[in-house]
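The values are calculated or read from the model by the stated rules, or taken from the named source; none is laboratory data. Since the model is a prediction, treat every value here as computed from it, not as a measurement. No Cβ is skipped: glycine too gets one built from the backbone with ideal geometry, and neighbour counts run over all protein chains shown.
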Amino acid sequence: MSFLKKEEFKQKSPAKRFLFILGLGMFALYFALGVAIIFWEDFPISLSFEYRLAFAILLIVYSFIRFVRLLRS
């Protein structure tokens, strides 16, 4: 256990914890929105399926970029 840093065991401040949870929520929101757009038959905005799919994939990729940035901080 001596090879681990002491800082890894420090508890995060309430502000950092809140921002972490908010970041997880935003990741889940963008990911769920991307998946919903793919499978939503009667999408309110008239787009062809190819554009809907491209937009959904863009949202999903963006959600993973946010998730990776969240884990690094």
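Worth pointing out:
- Filter pass, Tyr30 being free of Cβ contacts under 8 Å to residues at least 40 places away in the same chain, hydroxyl-bearing (Ser, Thr, Tyr) and in contact with a Leu (Cβ under 6 Å, 6 or more places away or on another chain): yes
- Tallying residues that are assigned to a helix (DSSP H, G or I) and surrounded by 10 or more Cβ atoms within 10 Å (Cβ to Cβ) within segment 26-60 yields 23.
- Answer residue from segment 24-37, given it is touching a Lys or Arg at 6+ places or on another chain (Cβ under 7 Å) and aliphatic (A, V, I, L, M) and is modelled with the lowest pLDDT among those: Ile37
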